[in-house]
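Undergrad: Just dropping this structure here.
The values are calculated or read from the model by the stated rules, or taken from the named source; none is laboratory data. A quick note: this is a predicted structure, and the numbers were derived from the prediction, not measured. No Cβ is skipped: glycine too gets one built from the backbone with ideal geometry, and neighbour counts run over all protein chains shown.
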Amino acid sequence: MIYDLVVIGGGSAGYSAAKLAASYKKNVCIIEKGPFGGLCILRGCMPSKTLLWSARIAELIRNAKEFGIHVDQNIKIDAKHIVERKNKIIKGFADYRLDSVKKNKHIDLIYGKASFIFKNKVQAGGKVIEGENFLISTGSKISIPNIPGLKEAGYLTSDEALELKKFPKSLIVLGGGPVTLELAYYFFNLGVEVIIIQRSDHVMSDNDEDLAEVIEESFRKEGIKVYTGTFLKKVSKVGNIKAVEFEHGKKNVNVKAEEILVGLGRIPDFDGLNLQRTGMKLDGKGIPILNEYLQTSVKNIYVAGDASKILEVVNVAVEQGRVAAENMFGKKEKLDYHKFPAAVFTHPEVAWIGVTEKEVKEKNMNAETAKLPYEDLGKAMCLGETEGFIKMIMDKKSKRILGVAIVGHLASDIIHEAVPLLYNKNTIYDLAKMQHIHPTFGEIYSYLVEDCCD
Ligand SMILES: Cc1cc2nc3c(=O)[nH]c(=O)nc-3n(C[C@H](O)[C@H](O)[C@H](O)COP(=O)(O)OP(=O)(O)OC[C@H]3O[C@@H](n4cnc5c(N)ncnc54)[C@H](O)[C@@H]3O)c2cc1C
């Protein structure tokens, strides 16, 4: 049989493409090297968010005194229970996805590691599979930097960190991106001493500095050591203790801990795919060059999700999967990545959508920013959640809202009000007419408008 679509990698992007194509009654084959479920469900979004909630509860208990609740502070952390609870929940998500694929009569699932034979043929699981169209949705893999001594000393990645049923007493976290910040927050609030070492001048280096500063300050206030603007020199191990040496300012600093967590990024995973057999054009790093329709230079092969290296978040993967499939079957859809919200689930949380102030500067855009601190918000005061701010980036002339960023309590939820604002090309004057419940965190949008509009 020649499939209408062969999806390589059954994660969020692949699953989304397969479902769309199946809804058009196309014959689809998903090839998955296993286990089935994808990063988000098995080792990403969902496990980390499940674990983080345990950390948040521990944090709330520690701070309960402020609210007149006196709790025995000898909190016992049952890491085994926390991880087992996570595993149970994750299994439910993975089973549900597998079940929905199995039930779909337009989708075949083949287990095996796919490798291209030609542009319309792959082999996997001892079979040769032919297709009219292919989607490469193989996701990403952890990238381990070449730091002297790191390999010999040993380290954890996010994969192992999510499974730890016995925590180290202390942990050095290399990297200050969303995944490492969340894991730093997790371990710290469950009793582990945490030291973060970040190369750039701020954590979350892709984002605006003022957001990062709130997180750095909050982490430091709680007791996490955060070093930024560093250069890693070497790692060593003596007995059970691991040490990391790095430059900070103009000084050499040495920090020690029982364990090291490496979170210095992920790269697209094309291992064993033999992309060169398709004849497609690759960039200098071996990543397929895509047009705006997510299509490679070989017109029947598309790429979606982390493998595209465009934006490594799951809502992007899902939408790219759908759009790639639409484009294969006749449409010409493009994605505007400014319309995708994203978040970091620490506490306080960080969330953003659209244009950043960094981008405004880089592109010399005619834009202005309005900002309002959480401490001006009534509900934030009631709950003692006054860390952070909201900021809105607007076109100077028309006052059209171009971007919103929030750092603070519930940021990942209240950012959603900004999604339709950007989607519908609303101005700050439109927002001024919109109602909010009092008192809520979402009301911060009204406060901001009141503050910045005549
Ligand atoms: C710890 C962590 C936390 C995260 N938290 C969030 C979050 O809160 N929110 C968010 O939006 N994003 C989060 N992410 C990112 C998010 O998980 C990814 O962006 C998303 O899951 C990528 O989906 P994908 O479909 O591109 O890849 P994947 O889900 O990784 O799917 C790729 C699939 O391809 C398979 N595969 C690979 N090679 C082959 C081959 N040759 N043959 C057959 N099969 C193959 C793999 O087994 C895998 O199942 C997190 C990531 C991590 C690591």
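Undergrad: Which of the residues that make up segment 291-315 are part of a loop (DSSP other than H, G, I, E, B), within 14 Å of the ligand (Cβ to nearest atom), touching a strand residue (DSSP E or B) at 6+ places or on another chain (Cβ under 7 Å) and not basic (Lys, Arg)? Full working, then the answer.
TA: Looking only at segment 291-315, we keep the residues that are part of a loop (DSSP other than H, G, I, E, B), and these are 291-294, 296-300, 304, 309-313.
Still in the running and within 14 Å of the ligand (Cβ to nearest atom): 294, 304, 309-313.
When the remaining residues are screened for being touching a strand residue (DSSP E or B) at 6+ places or on another chain (Cβ under 7 Å), the result is 294, 304, 309, 312-313.
Within segment 291-315, Leu294, Ala304, Glu312, Val313 meet the criteria.
Undergrad: Find all pairs meeting these conditions: Cβ atoms under 9 angstrom apart; at least six residues apart or on different chains; first residue within segment 152-171 and without any contact (Cβ under 8 Å) to a residue 40 or more places away in the chain; second residue buried (at least 19 other Cβ atoms within 10 Å of the Cβ) and not in a loop (DSSP other than H, G, I, E, B).
TA: Glu160/Leu261
Undergrad: Please note which helices (runs of 4 or more DSSP H) are completely contained in segment 354-454 and include at least 3 residues that are hydrophobic (A, V, I, L, M, F, W, C).
TA: Numbers: elements: 357-362, 378-383, 411-414, 418-423, 428-432, 444-452.
Result: 378-383, 418-423, 428-432, 444-452.
Yes/no per residue for (1) in the same structural domain as Ala325 (by TED's automatic domain parsing); (2) farther than 28 Å from Lys169 by Cα; (3) away from the ligand (no atom under 15 Å from the Cβ):
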position: Gly10; (1), (2), (3): yes, yes, no
position: Ser16; (1), (2), (3): yes, yes, no
position: Thr50; (1), (2), (3): yes, no, no
position: Lys65; (1), (2), (3): yes, no, yes
position: Gln73; (1), (2), (3): yes, no, yes
position: Lys91; (1), (2), (3): yes, yes, yes
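Undergrad: What's the number of the condition Glu326 fails, among (1) within 14 Å of the ligand (Cβ to nearest atom); (2) out of contact with any His (no Cβ under 9 Å at 6 or more places or on another chain); (3) not in a loop (DSSP other than H, G, I, E, B)?
TA: Glu326 satisfies all of (1) within 14 Å of the ligand (Cβ to nearest atom); (2) out of contact with any His (no Cβ under 9 Å at 6 or more places or on another chain); (3) not in a loop (DSSP other than H, G, I, E, B) except (1).
Undergrad: Would you say Lys121 is more than 26 Å from Val314 (Cα to Cα), away from the ligand (no atom under 12 Å from the Cβ) and crowded, with 16+ Cβ neighbours inside 10 Å? Break it down into steps so the answer makes sense when it comes.
TA: Values: more than 26 Å from Val314 (Cα to Cα): yes; away from the ligand (no atom under 12 Å from the Cβ): yes; crowded, with 16+ Cβ neighbours inside 10 Å: yes.
In short, yes.
Let's see how each residue does on (1) part of a loop (DSSP other than H, G, I, E, B); (2) under 25 Å from the mean Cα position of the chain (by Cα); (3) away from the ligand (no atom under 16 Å from the Cβ):
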{"position": "Glu182", "(1), (2), (3)": "no, yes, no"}
{"position": "Arg199", "(1), (2), (3)": "yes, yes, yes"}
{"position": "His202", "(1), (2), (3)": "yes, yes, yes"}
{"position": "Asp206", "(1), (2), (3)": "yes, yes, no"}
{"position": "Ala212", "(1), (2), (3)": "no, yes, yes"}
{"position": "Phe219", "(1), (2), (3)": "no, yes, yes"}
{"position": "Val226", "(1), (2), (3)": "no, yes, yes"}
{"position": "Lys234", "(1), (2), (3)": "no, no, yes"}
{"position": "Val255", "(1), (2), (3)": "no, no, yes"}
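Undergrad: May I ask you to verify whether Lys25 is assigned to a loop (DSSP other than H, G, I, E, B) and more than 7 Å from the ligand (Cβ to nearest atom)?
TA: Numbers: assigned to a loop (DSSP other than H, G, I, E, B): yes; more than 7 Å from the ligand (Cβ to nearest atom): yes.
In short, yes.
Undergrad: Could we say that Pro373 is over 27 Å from Lys26 (Cα atoms), away from the ligand (no atom under 12 Å from the Cβ) and touching a residue at least 12 places away in the same chain (Cβ under 8 Å) here? Talk me through it step by step, then tell me what you get.
TA: Numbers: over 27 Å from Lys26 (Cα atoms): yes; away from the ligand (no atom under 12 Å from the Cβ): yes; touching a residue at least 12 places away in the same chain (Cβ under 8 Å): yes.
Taking the combined requirement at face value, the residue satisfies it.
Undergrad: Does segment 277-299 include one or more residues that are in contact with a Pro (Cβ under 6 Å, 6 or more places away or on another chain), touching a residue at least 60 places away in the same chain (Cβ under 8 Å) and surrounded by fewer than 17 Cβ atoms within 10 Å (Cβ to Cβ)?
TA: Within segment 277-299 (the criterion being in contact with a Pro (Cβ under 6 Å, 6 or more places away or on another chain), touching a residue at least 60 places away in the same chain (Cβ under 8 Å) and surrounded by fewer than 17 Cβ atoms within 10 Å (Cβ to Cβ)), the answer is no, since none of the residues qualifies.
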